[in-house]
Every structure is written in C-alpha cells, then in structure tokens.
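> Provided herewith is a single structure, encoded as structure tokens, for subsequent inquiry.
The values are calculated or read from the model by the stated rules, or taken from the named source; none is laboratory data. All values reported here derive from a predicted model rather than from experimental measurement. We place every Cβ from the backbone using ideal geometry, glycine too, and count neighbours over all the protein chains shown. When the accessible area is computed, the model is the full protein with side chains, heavy atoms only, and any ligands, DNA or RNA have been set aside. Shrake-Rupley method; radii C 1.70, N 1.55, O 1.52, S 1.80 Å.
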Amino acid sequence: MTGAARMEAKVPASDLDFWSDEVIADPYPHYRTLRDIGPVVWLSRYDSWAIVHHKPARDALLNAEVFTSTAGIAMNAEANRNSEGVMIFSDDPDHQRLRRVFNRPLLPGALARLKDRLSALAEARVGELIEQGEFDAVTQLAHYLPLTVVTELLGLTEQGKRNMLGWAAGLFDALGPAGNARTDSGIAIAVEAFTYLHGLKREELDPDGWAAGLFRAADAGEISQDEARTMLMDYTGPALDTTINGLSSALWLFANHPDQWDLLREKPELANRAIDEALRIESPIRAFARLLTRDHEMGGVTLRKGDRALIVYASANRDERRYPEPDRFDITRDARDHVAFGYGMHLCAGMHLAKLEIATVLNILVRRVARFHLVEARRELHNTLRGLSKLVLKVDVV
Ligand code: HEM
C-alpha cells in the first residue's frame, strides 16, 4: 500500500518530520503528540510505522520473527546493504551464535576485573577537574573512560583508536532516511570505517584485545573468519558515544535538578536507579528500525508484510501509560524496564560495561561534588543519538 492509500484507509498517521533539526532538538513534545495519536503511527513523510508506546515497543522487540533486523535497522537501503552480516543487523539462529562469541569480554565476570582500574582512572580525572572548578563534562569527563579504556580493550591500531569516535557518530547518522544530509555524510563516514576494518591485518591487532578475540573464535570454528571481521563493526560502532551521551546527559539532568543530586548524595545506594532513570528520560539512542516479515496486528492497526517500523525507544521511555509524570526526573522511580538498551535478543551487548563506566564516575562525584552549576550546554543534532557536544559545569566541592 502506498503512503497515500494508507492515509485514505484512515490509519493513525502523522506528517511529522521525524528527522528535522527542529524535532531532533526538542523531540519530546513531538513524541507525546505521536503517542496521543496512537500506539503505532504511520509516518507519512517516511512511509514507515513508528511504534511509540512502551508495551508495543517491547512486544515488537521480543518478536524478531515478525520484526526482523536482517533486512536492516536503518531507514535507508544503502546503509542496510552496507551493513549486511553485522550482528545487530541479523536474526537468530546466526545472531545467537555470533552473540555468544561477542559477549565474552562484556559479561559481568569479565568486567569485574576492570572495576578497580576504571575507579582509579576516574578518581584521578575527577580530582583534576574539581581542582579546576569549571570543566566541560562532555570532552573532559564523559569521553575519558570510553576513549582511554574501551578503545584500548578493543585493541585496534592507532588509526582505529584515533578515528573510532568520529566513525561511530557517522555510523549512527547513516541510519537516517535517504535524502537527508546527515544520512549522506554518515554513510560516507561509515564507508571509511568499513574500509579500515576490512583492510585491517590481524597481526596489527593487540593480541589481548576484544578484536583479536573474534579471530581466535574463528580459528576455533565458532564463527567464520568473514564473520569475525564483520563483527568488528559491532564493537567499533556502539561502544563510545552511547556511553558518553548517557553519562553527560545524567550530569546535565543533575545540574538542572539539584534536589535529585541532594537526594543521591544522601542515599548513594540509589545510584543504579538514577542511571536507569537518566537513560529512560534522555535515551541516548532515539530509535532503530525493523522490517515486517508478515502482516501483523498491533495497537489496533494492521502492519503489512514488507512495511518498515521504527521502534522509538525514546518515546516508549516517556510513555505516560507506563511511567506516571514521564517528563519528571525522579531517581527514586523504578525504571528498570525502560528500553534505552533495547529489549529481547538484541538487548544491548555493552549494557553492563556502559553502566559500570557511568556508575564509576557518578559514585566518585557523589562523594566529592556538593552542587553542579550549569554554565553552558550545547546540543548535538544527530539522526539517531541524543546527547550534548558541550556541557560546561561549575562545581561546589564537598
Ligand atoms: C548507555 C550506553 C548504551 C546505550 C543506551 C545502548 C543502546 C543500545 C540499544 C538500544 C540496542 C538495541 C539494538 C536493537 O534493538 O536493534 C543496543 C544494542 C547493542 N549495543 Fe548498545 N548501548 C550502549 C552501550 C554500548 C556499549 C558500551 C557497547 C559495546 C561495548 C554496545 C554494543 C551494542 C551491541 C553490539 C548491540 C547489538 C546487540 C545484538 O545485536 O545482539 N552498546 N544498544
């Protein structure tokens, strides 16, 4: 059915320009309008469904047989074609086999060994910044652990380490719709990243790193050599910006809500809840797409085989049907069922690492900072990621 035919069929629809600068800069009122239209809304400009309520978003994420990732999670054909074979663009049973290998260095046991090192590094960095009194919490703090520790753990070459952050931003922009300037520049950057990864020589990798681990699993016959190479992208793309945005958005929230910072200082045991709440309300990834493998009823409408459906994590996480007063930042809220990390078989493979990095920094700040004062915040306009490019904070020291 064409877009016009859908409109005639009177499906819940919106002509919202989901990827415009205006919507990206301040998306939440627009997500609310979509949620008021219905759980599943036809985006007429993009010939795609948007799943915007919490329950149907989780149902879709659990139902990979109907909502496939193999046809791509991007909104354009070129990025989907270029990413064939990448784990996040695959379904079970292949996905499960790849994921078993991929997960190894990211399981809680493996991460426990990292804990002390992360704490020592973060303690020193926070100490220096506090001494300065004023600092950019994005480039000087949130970048720090991902760019020092995670890039090293992955074990790419110097060129890879240096470019990872820029590539990641491009890879996420590339997921937008065709004909969008950010999508086009993202695809060009993504091609650069794929070219680097395809040309990498195995002997150039750190033998103890995650990347080399993929090739060892291939030697052991768990995955193929080609799969090992393609999966390098699953480590390279999502490991940095997501966590950087998660931490800097949390600090931005605390700077704007000093009562919640006071509460966390009084009850540091709320740190895990606070992290989930910050990820719920400022979800670092706004949406990924799926393709329908057959006709499917959802939220009172019939999605057709071959339709694209955008799962809007950032809207589901503010669904008033699930979270009362969803726009209120409340660190006592139990938001563990948010979908900022997705849900189901593609649930974020780096979730424990991301939470560990964010908790490490937050736990130190809780001991050392009495109050954050917001000096300047600059939002990054991005097709898929939500975050700040600058967050200057002044701190009152304990
Ligand atoms: C706060 C930080 C993070 C957020 C908010 C986040 C968010 C997400 C989301 C929403 C998904 C679901 C994808 C889907 O449904 O198709 C996902 C999957 C994934 N994430 Fe993360 N992520 C974060 C950190 C990380 C880190 C640090 C890594 C790597 C070390 C990582 C690696 C992955 C991978 C490989 C997948 C695909 C898993 C699969 O296909 O089975 N993420 N993430």
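> From the set of residues in region 231-268 that are open to solvent by 30 Å² or more (accessible area, probe 1.4 Å) and over 24 Å from S389 (Cβ atoms), which is nearest to the ligand (Cβ to nearest atom)?
By that ranking, first place goes to P268.
> Restricting to region 315-344, what's the tally of residues that are near the ligand (Cβ under 10 Å from one of its atoms) and open to solvent by less than 50 Å² (accessible area, probe 1.4 Å)?
Qualifying residue count, region 315-344: 6.
> Within region 36-50, can you find the residues that are open to solvent by less than 40 Å² (accessible area, probe 1.4 Å), out of contact with any Pro (no Cβ under 7 Å at 6 or more places or on another chain) and within 22 Å of S283 (Cα to Cα)?
L43, S48, W49, A50, listed by residue number.
> Also: Somewhere in region 112-135, is a residue in contact with a Ser or Thr (Cβ under 7 Å, 6 or more places away or on another chain), open to solvent by 40 Å² or more (accessible area, probe 1.4 Å), in a helix (DSSP H, G or I) and not basic (K, R)?
yes
> Among the residues in region 86-101, are any within 27 Å of L381 (Cβ to Cβ) and either polar (S, T, N, Q) or in contact (Cβ under 8 Å) with a residue 40 or more places away in the chain (or both)?
Among the residues of region 86-101, at least one is within 27 Å of L381 (Cβ to Cβ) and either polar (S, T, N, Q) or in contact (Cβ under 8 Å) with a residue 40 or more places away in the chain (or both), which makes the answer yes.
> L62 versus (1) away from the ligand (no atom under 14 Å from the Cβ); (2) under 30 Å from V11 (Cα atoms); (3) open to solvent by 50 Å² or more (accessible area, probe 1.4 Å): which is the lone unmet condition?
Answer for L62: the failing condition is (1).
> Right, here's the next one. Counting only residues that are farther than 20 Å from D173 by Cα and surrounded by 13 or more Cβ atoms within 10 Å (Cβ to Cβ), which one in region 5-29 is modelled with the lowest pLDDT?
M7
> How many residues does region 157-182 hold that are open to solvent by 10 Å² or more (accessible area, probe 1.4 Å) and either among the small types (G, A, S) or assigned to a loop (DSSP other than H, G, I, E, B) (or both)?
Result for region 157-182: 8.
> When you go through M351, M345 one by one, which is the residue that is touching a His at 6+ places or on another chain (Cβ under 7 Å) and within 21 Å of F172 (Cβ to Cβ)?
The unique qualifying residue is M345.
> Here is a list of conditions, (1) within 16 Å of the ligand (Cβ to nearest atom); (2) out of contact with any Leu (no Cβ under 8 Å at 6 or more places or on another chain), and A181 meets all of them except one; can you say which number that is?
Failing condition for A181: (1).
> Restrict the check to region 88-105 and report whether at least one residue is among the acidic types (D, E) and within 10 Å of the ligand (Cβ to nearest atom).
Looking through region 88-105, at least one residue is among the acidic types (D, E) and within 10 Å of the ligand (Cβ to nearest atom).
> Sticking with this structure for a sec: Please pick out the residue among I358, I311 that is among the aliphatic types (A, V, I, L, M), modelled with pLDDT of 95 or more, within 16 Å of the ligand (Cβ to nearest atom) and farther than 27 Å from R265 by Cβ.
I311
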